[in-house]
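**Student:** To start, I am sharing the structure in question, which I have written as structure tokens.
The values are calculated or read from the model by the stated rules, or taken from the named source; none is laboratory data. Just so it is clear, the structure is predicted and the values come from calculations on it, not from any experiment. Note that each Cβ is placed from the backbone with ideal geometry, even for glycine, and that neighbours are counted across all protein chains shown.
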């Protein structure tokens with residue numbers, strides 16, 4: 001498996017980075033953690049992977065901004081239920097934007113979106129935040145967030161290499177999954193707190 005991954009990066013770098021960019025649109029945090037692990041195992045180069053992850057995630061952010069900007073609540077009413085977006089969640093984020101203004105964009109990136117990650121991006125477009133300001137703030141947040149996730153994956157890679165035996169490596173893998181589950185749980189917790197704070 002390790003030789004196959006190394007071969008992909010060496011022989012088909014354009015394809016690999018295109019896949020990283022595409023997957024970052026959907027599951028950026030999970031992919032960043034896995035890439036951090038690959039970097040530690042010397043299976044992937046750090047800098048190109050870092051920028052591919054950032055670029056993919058920012059492309060996704062830009063896409064959802066323009067969906068909100070051009071289609072807004074009409075899109076939410078028609079397709080929102082497929083993406084766990086509804087008019088109530090949009091209303092909640094509008095209140096957060098009103099209270100915290102543009103700071104929400106940076107903070108959202110580094111707190112798993114307060115549990116409202118996708119809704120925040122769509123709402124930013126819906127409330128017509130200037131795109132340059134939106135992109136600049138998202139870029140700053142993404143710069144920190146991607147680096148943090150890569151670091152976490154890298155550290156799990158260090159732990160993986162430090163343990164011996166199949167059972168030890170399985171334990172590290174399980175810990176890796178639990179850590180990401182805890183991050184998702186934190187996002188839900190923040191979502192509940194933010195919702196109660198502005199009700």
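**Student:** Would you mind telling me which numbered condition in (1) more than 21 Å from the chain's Cα centre (by Cα); (2) not in a loop (DSSP other than H, G, I, E, B) residue 17 fails?
**Tutor:** (1)
**Student:** Sticking with this structure for a sec: Which pairs have Cβ atoms under 7 Å, sit 6 or more apart or on different chains, and link a residue in region 140-164 that is free of Cβ contacts under 8 Å to residues at least 12 places away in the same chain to one that is part of a helix (DSSP H, G or I) and surrounded by 14 or more Cβ atoms within 10 Å (Cβ to Cβ)?
**Tutor:** Qualifying pairs under 7 Å: 163/169; 163/172.
**Student:** Conditions first: (1) out of contact with any helix residue (DSSP H, G or I) (no Cβ under 6 Å at 6 or more places or on another chain); (2) surrounded by fewer than 16 Cβ atoms within 10 Å (Cβ to Cβ); (3) modelled with pLDDT of 90 or more. Residue 73 passes all but one, so which condition is the exception?
**Tutor:** Failed condition: (3).
**Student:** Just to check your reading of the model, which residue among 117, 197 is out of contact with any helix residue (DSSP H, G or I) (no Cβ under 8 Å at 6 or more places or on another chain) and either at pLDDT below 75 or farther than 30 Å from residue 40 by Cα (or both)?
**Tutor:** One residue alone meets the criteria, 197.
**Student:** Please specify each residue of region 128-139 satisfying the condition of being without any contact (Cβ under 8 Å) to a residue 24 or more places away in the chain and part of a helix (DSSP H, G or I).
**Tutor:** Those that are without any contact (Cβ under 8 Å) to a residue 24 or more places away in the chain and part of a helix (DSSP H, G or I): 132, 136.
**Student:** OK, next. Quick one: what pairs do we get from region 30-43, first residue more than 15 Å from residue 161 (Cα to Cα), second not in a helix (DSSP H, G or I), C-beta under 7 Å, 6+ apart or different chains?
**Tutor:** 35/44
**Student:** Sticking with this one: Give the residue, chosen from 43, 38, 53, that is at pLDDT 85 or above, buried (at least 21 other Cβ atoms within 10 Å of the Cβ) and either out of contact with any helix residue (DSSP H, G or I) (no Cβ under 6 Å at 6 or more places or on another chain) or outside any helix (DSSP H, G or I) (or both).
**Tutor:** Checking each option against the conditions leaves just 38.
**Student:** Here's a follow-up. Considering region 45-59 alone, what residues qualify as being free of Cβ contacts under 8 Å to residues at least 60 places away in the same chain and within 16 Å of residue 125 (Cα to Cα)?
**Tutor:** 59
**Student:** Look at residue 58 and say whether it is modelled with pLDDT under 85 and in contact with a helix residue (DSSP H, G or I) (Cβ under 8 Å, 6 or more places away or on another chain).
**Tutor:** In short, no.
**Student:** Would you call residue 176 closer than 26 Å to residue 47 by Cα, within 19 Å of the chain's Cα centre (by Cα) and at pLDDT below 70?
**Tutor:** Yes: the conditions hold for residue 176.
**Student:** State whether the residues of region 148-159 include one that is under 21 Å from residue 39 (Cβ atoms), modelled with pLDDT under 85 and more than 21 Å from the chain's Cα centre (by Cα).
**Tutor:** Checking region 148-159: at least one residue is under 21 Å from residue 39 (Cβ atoms), modelled with pLDDT under 85 and more than 21 Å from the chain's Cα centre (by Cα).
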